[in-house]
Amino acid sequence: MDINGQKFTIKDIFDIPATVPDCIVVSKNKLGTGHGEAKFYIASKDKMRGFYGGEGFNVRCFLLKEDLIAYMNAMQSEYFHPTQEYRGREELADLWKVRMEKVSQLNDVIEFNIQDQVQIEGPRGYVNSSDEGYNLIRELSLPLVSYVSAMELADARGESIYYWKLFADFDAISDKASATVFKYGKKEKEVKNAKEKREEKKENELKQARIGQGLYREKLLNECPFCPITMINDERLLIASHIKPWAVASNKERVDPKNGFMLSPLYDKLFDRGFITFTDERRVKVSNWLSPQNQKRIGLKNDDFFQLLPVDEERKRYLAYHRDFVFKG
């Protein structure tokens with residue numbers, strides 16, 4: 001792997017993504033009333049320390065500017081049209097612009113250290129840091145709809161450094177879109193009215209979504225009656241997978257059959273979560289964020305060619321979005 005002119009070898013992938021919790025983000029991004037704390041729950045202590053190097057670890061990590069830009073672009077819809085009641089909800093659109101400008105002025109590689117929080121009792125593993133890279137995650141992330149994945153790399157001297165990448169969780173955004181969360185401090189009557197309006201809106205949206213999804217699947221099956229990877233053509237075993245995720249698609253894009261493929265469940269999940277994508281030439285790209293063992297198990301290799309993958313000019317536009325903002329490249 002080449003990063004900023006340096007060669008690295010992938011040693012390991014941490015296979016549990018760490019959802020960014022409400023407690024660590026900056027005030028304007030919060031859902032709750034607390035002031036927050038910097039410690040970040042990663043996984044169980046055994047799992048976390050097994051990856052980062054044992055109890056009391058203090059390790060080097062880095063972020064890439066291009067990844068942060070991609071994250072902010074992927075989250076633009078959530079910043080401009082929030083699905084949750086963030087404390088700074090009314091300011092988020094302006095904050096997106098300010099934060100994008102800040103990110104654009106960063107170095108290409110942002111190094112930072114994280115430390116094992118050994119003082120915290122119990123089985124849960126936490127890290128903390130006061131470095132810029134770590135604080136960027138706290139500033140940019142919107143809680144519960146963002147997560148961090150980590151990869152252990154070896155540099156030219158064989159020393160470990162950990163590549164952190166911030167991702168938008170499009171599935172979580174869809175789930176939160178109709179959640180009943182309210183601003184703190186509202187009067188009881190205002191909360192009740194807001195809840196009733198949300199529930200009515202949610203019910204109407206669900207009805208429309210069911211109708212739209214049915215039509216979308218029907219149209220997509222007419223164009224693509226089998227999975228182009230496995231060739232399975234039993235409709236009961238096929239999923240109508242969106243290329244540009246539902247959470248960030250317009251109403252028109254959500255029901256556009258050109259915004260989809262019919263895929264077998266395994267490949268639908270891989271595509272939906274960004275572990276695979278496709279080029280305009282019908283070749284698959286497999287993410288390095290899948291461990292080498294799992295890459296072998298799924299039976300796909302980079303640049304495998306799928307002649308019957310339906311790719312036309314309209315799908316190319318959607319695939320460009322998937323490669324830029326969904327694929328874990």
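The values are calculated or read from the model by the stated rules, or taken from the named source; none is laboratory data. Computed from a predicted structure; not experimentally measured. Glycine also receives a Cβ, built like all others from the backbone with ideal geometry; neighbour counts cover every protein chain displayed. For accessibility, only protein heavy atoms count, side chains too; no ligands or nucleic acids. Shrake-Rupley method; radii C 1.70, N 1.55, O 1.52, S 1.80 Å.
Residue by residue, here is whether (1) touching a Lys or Arg at 6+ places or on another chain (Cβ under 8 Å); (2) surrounded by fewer than 20 Cβ atoms within 10 Å (Cβ to Cβ) holds:
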{"site": "Ala249", "(1), (2)": "no, yes"}
{"site": "Leu266", "(1), (2)": "no, yes"}
{"site": "Phe275", "(1), (2)": "yes, no"}
{"site": "Arg283", "(1), (2)": "no, yes"}
{"site": "Gln293", "(1), (2)": "no, yes"}
{"site": "Asp312", "(1), (2)": "yes, yes"}
{"site": "Arg315", "(1), (2)": "yes, no"}
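Within region 130-171, being outside any strand (DSSP E or B), within 30 Å of Gln84 (Cα to Cα), open to solvent by 10 Å² or more (accessible area, probe 1.4 Å) and not aromatic (Phe, Trp, Tyr) holds for Ser130, Asp131, Glu132, Asn135, Arg138, Glu139, Leu144, Asp169, Asp171. Here Thr83 fulfils each of the conditions (1) buried (at least 17 other Cβ atoms within 10 Å of the Cβ); (2) at pLDDT 95 or above apart from (2). The lone criterion from (1) outside any loop (DSSP other than H, G, I, E, B); (2) open to solvent by 40 Å² or more (accessible area, probe 1.4 Å); (3) in contact with a helix residue (DSSP H, G or I) (Cβ under 8 Å, 6 or more places away or on another chain) left unmet by Phe112 is number (2). Among Glu66, Glu55, Glu78, Glu91, which is closer than 20 Å to Lys328 by Cβ and open to solvent by 50 Å² or more (accessible area, probe 1.4 Å)? Unique residue meeting the criteria: Glu66. Of all residues in region 95-112, those that are aliphatic (A, V, I, L, M) have Cβ atoms under 6 Å from Cβ atoms of residues that are assigned to a loop (DSSP other than H, G, I, E, B), 6 or more apart or on another chain, in Val109/Asn4. Considering only residues in region 1-45 that are in contact (Cβ under 8 Å) with a residue 12 or more places away in the chain and of a type in the set (Asp, Glu), the one that is least open to solvent (accessible area, probe 1.4 Å) turns out to be Asp22.
Scanning region 50-102 for residues that are more than 17 Å from the chain's Cα centre (by Cα) and part of a strand (DSSP E or B) turns up Asn58, Val59, Arg60, Cys61, Phe62. The number of residues in region 216-247 being aromatic (Phe, Trp, Tyr) and either open to solvent by less than 30 Å² (accessible area, probe 1.4 Å) or under 18 Å from Phe170 (Cα atoms) (or both) comes to 2.
Looking at region 117-128, is at least one residue at pLDDT 95 or above, open to solvent by less than 20 Å² (accessible area, probe 1.4 Å), touching a helix residue (DSSP H, G or I) at 6+ places or on another chain (Cβ under 9 Å) and closer than 30 Å to Leu68 by Cα? Within region 117-128, one or more residues are at pLDDT 95 or above, open to solvent by less than 20 Å² (accessible area, probe 1.4 Å), touching a helix residue (DSSP H, G or I) at 6+ places or on another chain (Cβ under 9 Å) and closer than 30 Å to Leu68 by Cα.
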